[in-house]
Amino acid sequence: MQIQQDAQAVEWWKEAVVYQIYPKSFYDSNNDGTGDIRGIIEKLPYLHELGISMIWLSPFYQSPMADNGYDISDYFAVNADLGEMRDIDELITRAKNYGIHIMIDLVVNHTSDEHPWFREAVNNPQSPYRNYYIFKAGKNGGAPNNWRSLFGGSAWQKLPDEDNYYLHVFHQKQPDLNWENPALREDIYAMVNWWLAKGIAGFRIDAITFIKKDRDFSSCPADGSDGLVSIKVKSRNRPGIETFLHELKAKTFDRFRCVTVGEAPGVPFDQYANYIGAEGYFNMIFDFHAADIDVENGSEWFRRHNWTVDEFRRTLFASQQAFVRAGWGTTFIENHDQPRALSKLIKDVRYQNATGAKALAAMYFFMFGTPFIYQGQELGMANFCRQDISEFDDVSSIDNYHRSLAEGFTAPQAMHFVNQRSRDNARTPFHWADTLNAGFNTGATPWLAFSSADYTVNAASQLNDANSVFSFYKKMIRLRNKCWPETLIYGEFIPLDYPDENIIAYEKKAVPTVLFRSPT
Ligand code: NOJ
């Protein structure tokens, strides 16, 4: 199983421990029901205590919030619920004083349908902005083809007064940008450089493998009872994407030596070097093979997969080895699109507790790559169970519920799938204390309801408890970064073929070559 690893160049972002913040759900400093940027500033001492060195901030830009900020209507403004631009500036400065970098989300596959570019494109067909998006004429009285959006239904939305449709890989309020248009690309690069000049450390780049579409726009054989086919087949990591990604890098990231992490589902292992090799488009990418182990092909929640630990181990290590061969990795078990790891990965309910949370933590944290922690994971937060689909906010949960019914499942079965997989599991407010609204605020109704008032897993009770999950994460960070960096960060990753198929084991070994520091 062992593969030869070269000595790694020393880079600050390899040594980083990243903490992802979903701003709406972290801390509501002004008690209006929505978390905010000032809330993050207030909680910097908590993050410093944990020991992280970079925040990945999910979108905070102006947005109608159809997809909680992944639908941007102004790249240069902060959503009013979350704060103001000066709060972002202050966050960058104050975080820096704690040695914490700020990495922000870059959402450039699509905008909101409320972005002025899109409004102009729809209102004035002669406007240059028409070519900023992807419009096609209808066919036989319907959509241009049978592509299904990732959030359900046709990927095409008809314009009210024309037989023209626009393409949306995600929600209909997230029209796709036309990367074939050089003018659009230049506007995007200018925006990226504006943020970099502000002093952010870099970007997590959203849905970036979707920016190139097959230009034949042809229908494909259906893969569901709705007669549609997943748009992934024709718009994910398609040939030609390399031209866009090289240009993006050359005209933006390279100019600032920033850190970049691409959300890159659908890239085969043999192409990882293009993405994260020496000349790769990004420093790191996320790999979702292990995260999506419980669903067939990663997106339709009713296609549950009954995985085994052995299968999980093989999946995890295959991704790890692809990282080792190509460049540098990322390692994570949660994010804002995933259910809580404790509920997903620990099948035996007796261990869906602090013991299970620590086992998962130790399993993933020291693998090959930069570790990511999603807010609340460091406490061992678990999934919630909701009774009715009306209790969900997440567009994808609502779509998966109806899709399951359409595929012939009963309502209780559909609810079960959604409860297992809902993105809302990770989006409920953070538990700061066992007090009103878990200390998220001082009493205003949170934007996303808690589904129970059980806040026993909370930060206040764990901070000073040496045996808590929080303290375990703190120790792991210290071990990795202070005690054994040459082994736990830069060391060789050696998967172990353990005789017990329920055990996931690997070795990290200091590489017997001198590390070299890359020129600054
Ligand atoms: C991936 C993001 O992580 C997810 O939350 C979002 O819904 C889609 N991209 C669309 O932006």
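The values are calculated or read from the model by the stated rules, or taken from the named source; none is laboratory data. Fair warning: this is a prediction, and the values are worked out from it, not measured in the lab. No Cβ is skipped: glycine too gets one built from the backbone with ideal geometry, and neighbour counts run over all protein chains shown. SASA here: full protein model, heavy atoms, side chains in, ligands and nucleic acids out. Shrake-Rupley method; radii C 1.70, N 1.55, O 1.52, S 1.80 Å.
Structural remarks
- Residue 339 being within 16 Å of the ligand (Cβ to nearest atom), assigned to a loop (DSSP other than H, G, I, E, B) and open to solvent by less than 10 Å² (accessible area, probe 1.4 Å): yes
- Condition check for residue 200: among the β-branched types (Val, Ile, Thr) and in a helix (DSSP H, G or I): no
- Pick from region 26-37, criterion open to solvent by less than 10 Å² (accessible area, probe 1.4 Å) and small (Gly, Ala, Ser), ranking: nearest to residue 190 (Cα to Cα): 35
- Cβ pairs under 7 Å, 6+ apart, first in region 71-90 and loosely packed, with under 15 Cβ neighbours inside 10 Å, second among the polar types (S, T, N, Q): 77/62
- Selection of region 56-81 for residues being away from the ligand (no atom under 16 Å from the Cβ) and either over 18 Å from residue 188 (Cβ atoms) or part of a helix (DSSP H, G or I) (or both) yields 78, 80, 81.
- Filter result for the condition that a residue is open to solvent by less than 50 Å² (accessible area, probe 1.4 Å), at pLDDT 95 or above and under 30 Å from residue 242 (Cβ atoms), over 298, 277, 266, 356: 277
- Members of region 201-211 that are open to solvent by 10 Å² or more (accessible area, probe 1.4 Å) and more than 16 Å from the ligand (Cβ to nearest atom): 201
For (1) within 21 Å of the chain's Cα centre (by Cα); (2) of a type in the set (A, V, I, L, M, F, W, C), each residue gets a yes or a no:
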| site | (1), (2) |
| --- | --- |
| 7 | no, yes |
| 10 | no, yes |
| 13 | yes, yes |
| 19 | yes, no |
| 28 | no, no |
| 47 | yes, yes |
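- Pairs with Cβ under 8 Å, 6+ apart, first in region 320-345 and over 23 Å from residue 507 (Cα atoms), second in a loop (DSSP other than H, G, I, E, B) and acidic (Asp, Glu): 340/334; 344/294
- Taking the criterion of being among the aromatic types (Phe, Trp, Tyr) and at pLDDT below 95, the only residue of region 381-404 that qualifies is 384.
- Close pairs from region 91-113: first assigned to a helix (DSSP H, G or I) and open to solvent by less than 10 Å² (accessible area, probe 1.4 Å), partner among the hydroxyl-bearing types (Ser, Thr, Tyr) and within 10 Å of the ligand (Cβ to nearest atom), Cβ under 7 Å, at least 6 apart: none
- Checking every residue in region 38-49 against the condition of being more than 16 Å from the ligand (Cβ to nearest atom), in contact (Cβ under 8 Å) with a residue 60 or more places away in the chain, open to solvent by 50 Å² or more (accessible area, probe 1.4 Å) and in contact with a Leu (Cβ under 9 Å, 6 or more places away or on another chain) gives at least one match.
- Pairs, first assigned to a helix (DSSP H, G or I) in region 24-37, second of a type in the set (S, T, N, Q), C-beta under 8 Å, six or more apart: 24/34; 24/68; 25/375; 25/428
- Residue in region 181-195 that is of a type in the set (Phe, Trp, Tyr), within 14 Å of the ligand (Cβ to nearest atom) and either open to solvent by less than 20 Å² (accessible area, probe 1.4 Å) or touching a strand residue (DSSP E or B) at 6+ places or on another chain (Cβ under 8 Å) (or both) present: no
- Failed criterion for residue 159 (all others in (1) touching a strand residue (DSSP E or B) at 6+ places or on another chain (Cβ under 6 Å); (2) more than 16 Å from the ligand (Cβ to nearest atom) hold): (1)
- Within region 213-240, considering residues that are open to solvent by 30 Å² or more (accessible area, probe 1.4 Å) and either basic (Lys, Arg) or part of a helix (DSSP H, G or I) (or both), the one farthest from residue 155 (Cα to Cα): 238
- Residue, nearest to the ligand (Cβ to nearest atom), within region 378-395, restricted to residues that are in a helix (DSSP H, G or I) and open to solvent by less than 10 Å² (accessible area, probe 1.4 Å): 378
- Count of residues meeting criterion [surrounded by fewer than 20 Cβ atoms within 10 Å (Cβ to Cβ) and within 16 Å of the ligand (Cβ to nearest atom)] in region 114-125: 1
- Pairs with Cβ under 6 Å, 6+ apart, first in region 409-438 and within 11 Å of residue 302 (Cβ to Cβ), second away from the ligand (no atom under 16 Å from the Cβ): 409/302; 414/401; 414/404; 414/405; 417/302; 417/404; 418/401
- Criterion: open to solvent by less than 40 Å² (accessible area, probe 1.4 Å) and either under 20 Å from the mean Cα position of the chain (by Cα) or more than 16 Å from the ligand (Cβ to nearest atom) (or both) - qualifying residue of 128, 175: 175
- Residue 52 vs. criteria surrounded by 23 or more Cβ atoms within 10 Å (Cβ to Cβ) and part of a helix (DSSP H, G or I): no
- Sub-6 Å Cβ pairs linking a first residue in region 146-167 that is polar (S, T, N, Q) to a second residue that is buried (at least 22 other Cβ atoms within 10 Å of the Cβ) and assigned to a loop (DSSP other than H, G, I, E, B), at least 6 apart or interchain, are 149/155; 149/168, ordered by first then second residue.
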